[in-house]
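**Q** Pasting a structure below so you can have a look.
The values are calculated or read from the model by the stated rules, or taken from the named source; none is laboratory data. Not measured: the values here are computed from a predicted model. Methodologically, a virtual Cβ is constructed for each residue, glycine included, from the backbone with ideal geometry; neighbour enumeration extends over all protein chains shown.
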Amino acid sequence: MTRPIAIMLTINAEPVTAMVESRLSLADFLRHQLRLTGTHVGCETGSCGACLVMQDGRVIHGCLTLAVQADGSAIQTIEGLSESGAIADLQAAFHERNALQCGFCTPGVLMTAQELLQLEGVPSREEIRDALSGNYCRCTGYQAIVDSIETTAQRRAVGEAEQPA
Amino acid sequence: MNKPLSRVDRPNSYIGKSLPRPNAKRLLAGRGRFVDDIQLPRMLHAAFARSPYAHARIVSIDVSAARAAPGVRRVVVGSDIAKLCMPWTGTLRHFKDMKSPPQSPLAIDTVVWAGQPVVAVLADSRAQAEDAVELIAINYEERDVVVGIDAALAPGATLVHDALGDNLAFQTTIENGAVATAFNDAAAVVEVDLRFGRHTPVTLEPRTLIADFEPGERALTVHHSTQTPYQFQDIYARHFGLDESRVRVIAPDIGGSFGMKLHVYPEDMAVVALSIIAERPVKYVADRGESFLNDIHLRDHRVRAKLALTQDGRFAGMRVQDDTAIGAFSAYPRTSAVEGNQVVRLMGAPYQLTNYRADLRVIFQNLPQTSQYRGVGHPIACAATERLVDLAAKKLGLDPFEIRRRNYVTDEMYPHTTATGYRFERLSLDQCLSKLHALMDYPALRAEQAQLREQGIHRGIGIATYVEITNPSPAFYGVGGAHISAQDGCVLKVTPSGDVQCAISVTEQGQGTETIIGQIVADQLGVDRERVRVLTGDTETTPHGGATWACRGAGIGGETALQATRKLRSNILEIAGAILQSRPDTLELADGKLIERETGTVRMNLGELAALVYFRSDTLPPDLKADLTVAQHFAPKGFPFAFTNGIHGSLVEVDVETGFIKLLKHWVVEDCGRIINPMLVDEQIRGGVVQGLGAALFEECLYNDAGQLMNGSMADYLVPMAGEIPDIVIAHVETPTLDTELGAKGCGEAGTSAASGAVLNAVNDALGPLQVQISQIPMTPQRILRALGTVQ
Amino acid sequence: MKAGDVAYFRAQSVSDAVAAFRSCEGDARYLAGGQSLLAAMNLRLLTPDLLIDIAHIDALRGIERRGGEIRIGALTRHAEILSSPIIASHVPLLAAAAPWVAHPAIRNKGTIGGSIAFADPASEFPAVALALNARIELDNGDSVRFVEAQDFFLDLYETAAEPGEILSAVWFPVATPDQRCTFDELARRRGDYAIVGVAIVADFSGEIVDRIRIVFFSVGSTPVRALRAEAALTGTALVDTDIELAQQALAGDLSPSDDVQVSAATRMHLASVLLRRQLGKLPVPTPKAVRA
């Protein structure tokens, strides 16, 4: 067995140091070592999107990243995005529109949505569907998810327009 | 129509309102609690060595290297576990002469499908358990493999189980009326030979459980990603010889289920056995590859059917042959015969049809077992029937809407009994048809289709009517000897501050069970729904019941909650009458307050009443029965099933050069009786539709002749993703059942039931002008090109 | 499934990485984005002994113009290719292909160096590299050499890179004003590996094709140039009859095999349809618009 490796990184704006096996995925590290269980594991091959987290501001698969690779980077999980209030409007839109059922895909879907919404302009429904192409949801049929992201984009656009210059 | 449910117009009229789910906020914040999120002290992790062959004899097993591997605590073979676990058999008495051999957690002498577990390893981590599995040496002697339906039934066929004598698990014939005469006298006959691809549920959360055996009390707690905890309590107690009172099954948040998580899997039983052996908690999470190999499969059917027609476009008779391959074992405890049984009983169901014969054959093969999953047989019966109806329309030159209208069971025929013996209380076939016609703007679609065809664009429009079985009575499983409850239980409790806790046996998988139960309780009691907390999914804290299967949560669970609430309300008014020195029938409960019925004057809060009951019982009259906890059970007693109905419309565009199909739009008009929460019904329908669209275009487990799955990953097995799915328009007709006060029926399977049939008809409508048709789903580009004769 | 036990080394320089590779007695692999490698490891299809993380080597980064070429550092992520104005204006074929690569989260992590070094015959970037005959820069820690894309892809997952050599950059020729390109693929779902895809680049003199390179992917063990079809089209104005001849010639260019989902005949047919449709789009290049 190879020896565990020490890593230091920032998770949800808090510094974390840990010893990890080099084969340990970031998703399993977050879930089982740090107990941040909002990140889910659905396929371990980058096909389902349940494990998406943000690394240095970009959405990535927690299953296709090793914990050791994340050494020195800044990770945001659903717990962090929630508690910072950054996606409160998105979460509210999902809640009102019932854009989730079992909720297993939801943290990953919210990651994709948040990255998309940080781009300029209001995405079309087709662009939203395209952005979600790596997020598998077996329950909703996707339409409510698309609706909620569209609603949030419109609300944010209006909100920004109303901000004093 | 049932009488209105709300006695006075008040702020708590929740039934019929689109309200968001209180429990969704937790999931949105990443604070769900799924089974794999749970870690118990000293918990071990299981992994399995699995058969690489679809059929082989186990010659020898060497686990010595695995035992010595780092972190390994136990390595267990089939005979070790067989001592602890009574085998199970997937047959039921009402399927006459059905056979299936007893099944054990781990294979002992022979393996009969590729992926069958043979050896279990327990280690400190899952990775270490998998490392050790790689060190296990198993020698197999390969045997001939049987995969195809015809090969399995051929004389001299290889047998999946030698002891059974043949590969036929079950067969049945249904016959009604004068079928031969109907076909002899027919003005025309249309026929289909349809093939349905075997697919698999692919819930995003895989099967997961933690078994925690406590040897001192011989108590077993299982945290189980299942929709039916009570059923598993019964099964674990019986098969492991434990006291049922000491077996607790907890189903926390469940990441998708759809019927897949109510069957007994070998790994479930193995993990319980391992916990008993190790006397420590044991966790098992199926990985995605294991899920493809071992989750139930479904819909592997070939349906050959004929429809006899009269000159004036009426259906004179129908003949059906359904052959379905179910894998190596019939599933337990529901069997693998139910899907085929429902196909042959639902064919032709919406139509006036007396002369009917169907033959069903349920066949073993060296593949994973198939069994019940969302829609159970409905999509197959619907697609086959509706394909026949469209062919009949074409043959007779009738519009698809017209031929259906001409043949539907009509309003004055209810209650109606079908040729297969199903009894319909009341359906709304004509209303749904008319509503769909308007909703789609059918004439405009046809005009647009004609115009685009001139430009070489091939659009197709398809419709499909479904009839859905919901609210099942014990006629479904109980009569066959299965310990599967058709009733549900509810315990309601008022807390001292006037909140309400509702423990109920129907379970939540995200469809909104807890929400609608909360709506019913709050509405019927007259309290704010924020003050009602619904508890589900724990055999130790909720009453015994059927939980979630076959579309019953709203219809049966909802009625249970309604009756429990009325009982509680009556108790509260009784107590209030005593306290307030008024007649109970002059009082009313609204918005958590006791008011005078006539004047609306507030007399006291529910919390004040509860506080008196709990803390100052000395102030109450001595003979007052002050019960603020009530229990209620309810089982359907009228019609054996509450049938629902509806109709789907599909608009597609077929690229006839590439064979690619684009789904442009989908419409559903459905009637699930009383609607408790329209938004949740709509989202159930949409999710169900998309599962049907997956079946229509994408999903299929591809096996080779050696019984090896060729596409067992999410990159190769194609589930529908957001980009391929159109928006879905939904409308409702409401025909409540009169069997219950609530009047609700199920809606969970309505989406899946007709979506694939509607798309099949739409694609064939698009291909019509090219004089070809397709008779197989999923309709892949290659199959379209083959149908067109473009490629061989 | 969980990945097998493996050692990990984070390299700070190419020579550092190559030294680690050479001193490893077992199977060592370079790890960049890891989007293919880690997926294969999670299935235990690959069980290397050592992972050498090259993602922190600055020399492997950057997109810049060098004379008539654009040098794209190996660690450039697919998402950066999508959003790079330099690539959009000078390597439009690569820009057109990028949105077809997998899904947003994969594009955020996957690198062009990894994609080309992995040489998946169903991947978009190897096909683009071959169509533009990009130069592949290989660094062995001591020296750098270049291999043209047409000599680089040898067989299934097999390239001209020597063991230990690091693919350090890809050099694409700058598109000329008379050049047109097009890219398309037929995939069952958005982001899936294509059943068949094509990348085409052509130099025109007025209406006439001077030179054309047509590369199909997902049709064999490497990306495949359709040389006969190219010959049929060179010197033509791409009128319907020319295109028909090219479609006929395709039978001599491609020899796809059957797989579990799609037969060779279907692939051949789809390749032919795709060729005709894309040639029809050549005169007016329309790179796919994408938000990135």
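**Q** Please work out which residue is farthest from C:Leu227 (Cα to Cα), limiting yourself to segment C:186-206 and to residues that are away from chain B (no Cβ under 14 Å) and of a type in the set (A, V, I, L, M, F, W, C).
**A** Of everything passing the filter in segment C:186-206, C:Phe204 is farthest from C:Leu227 (Cα to Cα).
**Q** Would you point out the residue of segment C:262-292, among those that are at pLDDT below 95 and touching a helix residue (DSSP H, G or I) at 6+ places or on another chain (Cβ under 7 Å), that is nearest to the other protein chains (Cβ to nearest Cβ)?
**A** C:Arg291
**Q** Given the condition at pLDDT 95 or above, touching a helix residue (DSSP H, G or I) at 6+ places or on another chain (Cβ under 7 Å) and away from chain A (no Cβ under 11 Å), answer yes or no: does some residue in segment B:673-689 qualify?
**A** There is at least one residue in segment B:673-689 that is at pLDDT 95 or above, touching a helix residue (DSSP H, G or I) at 6+ places or on another chain (Cβ under 7 Å) and away from chain A (no Cβ under 11 Å).
**Q** Considering only segment B:153-193, how many residues are more than 18 Å from B:Val343 (Cβ to Cβ) and surrounded by 14 or more Cβ atoms within 10 Å (Cβ to Cβ)?
**A** Adding up the residues that qualify gives 17.
**Q** Residues in segment B:495-526 that are part of a loop (DSSP other than H, G, I, E, B) and farther than 21 Å from A:Gln101 by Cα: how many?
**A** Narrowing segment B:495-526 to residues part of a loop (DSSP other than H, G, I, E, B): B:495-499, B:505-512, B:526.
Pick out the ones that are also farther than 21 Å from A:Gln101 by Cα and you get B:495-499, B:526.
Qualifying residue count for the region: 6.
**Q** Give the residue, chosen from B:Val111, B:Val160, that is touching a Ser or Thr at 6+ places or on another chain (Cβ under 6 Å), more than 14 Å from chain C (Cβ to nearest Cβ) and under 29 Å from B:Val76 (Cβ atoms).
**A** None of the others qualify; the one that does is B:Val111.
**Q** Name the residue, out of B:Thr752, B:Thr740, B:Thr790, that is touching a Lys or Arg at 6+ places or on another chain (Cβ under 7 Å), polar (S, T, N, Q) and either in contact (Cβ under 8 Å) with a residue 24 or more places away in the chain or in a loop (DSSP other than H, G, I, E, B) (or both).
**A** Testing whether each residue is touching a Lys or Arg at 6+ places or on another chain (Cβ under 7 Å), polar (S, T, N, Q) and either in contact (Cβ under 8 Å) with a residue 24 or more places away in the chain or in a loop (DSSP other than H, G, I, E, B) (or both) leaves just B:Thr752.
**Q** While we're looking at this one, here's another question. What residue, among those in segment B:712-723 that are facing another protein chain (nearest Cβ under 7 Å) and touching a residue at least 12 places away in the same chain (Cβ under 8 Å), is surrounded by the fewest Cβ atoms within 10 Å (Cβ to Cβ)?
**A** This residue is B:Ser713.
**Q** Just need a number here: residues in segment B:361-401 that are surrounded by 24 or more Cβ atoms within 10 Å (Cβ to Cβ), assigned to a helix (DSSP H, G or I) and of a type in the set (Phe, Trp, Tyr).
**A** 0
**Q** I'd like to check something: does segment B:664-680 contain any residue that is of a type in the set (Phe, Trp, Tyr) and in a loop (DSSP other than H, G, I, E, B)? Walk me through it before giving the result.
**A** Of the residues in segment B:664-680, the ones of a type in the set (Phe, Trp, Tyr) are B:667.
Next, from what is left, pick out any that are in a loop (DSSP other than H, G, I, E, B): none.
No; the residues of segment B:664-680 include none that is of a type in the set (Phe, Trp, Tyr) and in a loop (DSSP other than H, G, I, E, B).
**Q** If you don't mind, another one. Do any residues in segment B:387-403 that are more than 11 Å from B:Leu433 (Cβ to Cβ) have Cβ atoms under 9 Å from those of residues that are assigned to a helix (DSSP H, G or I) and among the hydroxyl-bearing types (Ser, Thr, Tyr), where the two are at least six apart or on different chains, and which pairs are they?
**A** Listed by first residue and then by second, the contacts come to B:Asp399/B:Tyr442.
**Q** How many residues are more than 7 Å from every other protein chain (Cβ to nearest Cβ) and within 13 Å of B:Glu683 (Cα to Cα) if we restrict to segment A:91-106? Talk me through it step by step, then tell me what you get.
**A** Taking segment A:91-106 and keeping what is more than 7 Å from every other protein chain (Cβ to nearest Cβ), we get A:92-93, A:97, A:99.
Next, only the ones that are within 13 Å of B:Glu683 (Cα to Cα) stay: A:97, A:99.
Summing the residues that are more than 7 Å from every other protein chain (Cβ to nearest Cβ) and within 13 Å of B:Glu683 (Cα to Cα) in segment A:91-106 gives 2.
**Q** Would you please name the residue that is farthest from the other protein chains (Cβ to nearest Cβ), looking only at residues in segment B:31-47 that are under 18 Å from B:Pro206 (Cα atoms) and not in a loop (DSSP other than H, G, I, E, B)?
**A** Ranking the candidates gives B:Ala46 first.
**Q** In segment B:310-356, what residues are within 24 Å of the chain's Cα centre (by Cα), over 23 Å from B:Gly115 (Cα atoms) and part of a loop (DSSP other than H, G, I, E, B)?
**A** B:Met347, B:Gly348, B:Ala349, B:Pro350
**Q** Given the conditions (1) within 18 Å of B:Gly317 (Cα to Cα); (2) buried (at least 16 other Cβ atoms within 10 Å of the Cβ); (3) within 29 Å of the chain's Cα centre (by Cα), and given that B:Thr417 satisfies all but one, which numbered condition is not satisfied?
**A** That leaves (2) as the condition not met.
**Q** Name, by its number, the condition in (1) surrounded by 16 or more Cβ atoms within 10 Å (Cβ to Cβ); (2) part of a loop (DSSP other than H, G, I, E, B) that does not hold for B:Ile81.
**A** It is condition (2) that B:Ile81 fails.
**Q** Any residue at all in segment A:75-90 that is more than 9 Å from chain B (Cβ to nearest Cβ), in contact with a strand residue (DSSP E or B) (Cβ under 7 Å, 6 or more places away or on another chain) and part of a strand (DSSP E or B)?
**A** yes
**Q** Mind listing whichever residues of segment C:81-99 are within 14 Å of chain A (Cβ to nearest Cβ) and surrounded by fewer than 24 Cβ atoms within 10 Å (Cβ to Cβ)?
**A** C:Leu82, C:Ser83, C:Pro99
**Q** Would you confirm, using the coordinates I've provided, whether C:Asp259 is at pLDDT 95 or above and assigned by TED's automatic domain parsing to the domain that holds C:Ala194?
**A** no
**Q** Quick check on my filter: what residues within segment A:125-150 are away from chain C (no Cβ under 14 Å), part of a helix (DSSP H, G or I) and either touching a Phe, Trp or Tyr at 6+ places or on another chain (Cβ under 9 Å) or more than 30 Å from B:Pro201 (Cβ to Cβ) (or both)?
**A** A:Ala144, A:Ile145, A:Ser148
**Q** Ok, one more. On the given criteria, is C:Phe146 crowded, with 24+ Cβ neighbours inside 10 Å and aromatic (Phe, Trp, Tyr)? Break it down into steps so the answer makes sense when it comes.
**A** Working: crowded, with 24+ Cβ neighbours inside 10 Å: no; aromatic (Phe, Trp, Tyr): yes.
Judged against the criteria, C:Phe146 is not a match.
Rundown of residues vs (1) assigned to a loop (DSSP other than H, G, I, E, B); (2) farther than 30 Å from B:Phe232 by Cα, yes/no style:
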position	(1), (2)
B:Pro101	yes, no
B:Ala120	no, no
B:Asn139	no, yes
B:Thr158	yes, yes
B:Ala169	no, no
B:Glu175	no, yes
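**Q** Just one of A:Val109, A:Val122 is closer than 25 Å to B:Asp716 by Cα, aliphatic (A, V, I, L, M) and either touching a residue at least 40 places away in the same chain (Cβ under 8 Å) or more than 7 Å from every other protein chain (Cβ to nearest Cβ) (or both); which is it?
**A** Of A:Val109, A:Val122, the one residue that is closer than 25 Å to B:Asp716 by Cα, aliphatic (A, V, I, L, M) and either touching a residue at least 40 places away in the same chain (Cβ under 8 Å) or more than 7 Å from every other protein chain (Cβ to nearest Cβ) (or both) is A:Val109.
**Q** Somewhere in segment B:189-203, is a residue within 21 Å of B:Asp253 (Cβ to Cβ), within 14 Å of chain A (Cβ to nearest Cβ), out of contact with any Leu (no Cβ under 8 Å at 6 or more places or on another chain) and assigned to a loop (DSSP other than H, G, I, E, B)? Please lay out each step first, then the result.
**A** Taking segment B:189-203 and keeping what is within 21 Å of B:Asp253 (Cβ to Cβ), we get B:201-203.
Those left that are additionally within 14 Å of chain A (Cβ to nearest Cβ): B:201-203.
Checking which are out of contact with any Leu (no Cβ under 8 Å at 6 or more places or on another chain) leaves us with B:202-203.
If we keep only those that are assigned to a loop (DSSP other than H, G, I, E, B) as well, we get B:202-203.
Within segment B:189-203, one or more residues are within 21 Å of B:Asp253 (Cβ to Cβ), within 14 Å of chain A (Cβ to nearest Cβ), out of contact with any Leu (no Cβ under 8 Å at 6 or more places or on another chain) and assigned to a loop (DSSP other than H, G, I, E, B).
**Q** Additional query: Restricting attention to segment B:297-305, does a residue exist that is within 30 Å of B:Leu388 (Cα to Cα), within 14 Å of chain A (Cβ to nearest Cβ) and part of a loop (DSSP other than H, G, I, E, B)?
**A** no
**Q** Restrict the check to segment C:40-57 and report whether at least one residue is at the interface with another protein chain (Cβ under 9 Å from one of its Cβ atoms), part of a helix (DSSP H, G or I) and surrounded by fewer than 21 Cβ atoms within 10 Å (Cβ to Cβ).
**A** Within segment C:40-57, one or more residues are at the interface with another protein chain (Cβ under 9 Å from one of its Cβ atoms), part of a helix (DSSP H, G or I) and surrounded by fewer than 21 Cβ atoms within 10 Å (Cβ to Cβ).
**Q** Would you be able to say whether some residue in segment A:21-31 is at the interface with another protein chain (Cβ under 10 Å from one of its Cβ atoms), in a strand (DSSP E or B) and closer than 30 Å to C:Ser83 by Cα?
**A** Yes, segment A:21-31 contains a residue that is at the interface with another protein chain (Cβ under 10 Å from one of its Cβ atoms), in a strand (DSSP E or B) and closer than 30 Å to C:Ser83 by Cα.
**Q** Since B:Gly646 meets every condition but one in (1) over 30 Å from C:Asp184 (Cβ atoms); (2) surrounded by fewer than 19 Cβ atoms within 10 Å (Cβ to Cβ); (3) touching a residue at least 60 places away in the same chain (Cβ under 8 Å), which condition does it not meet?
**A** Failed condition: (2).
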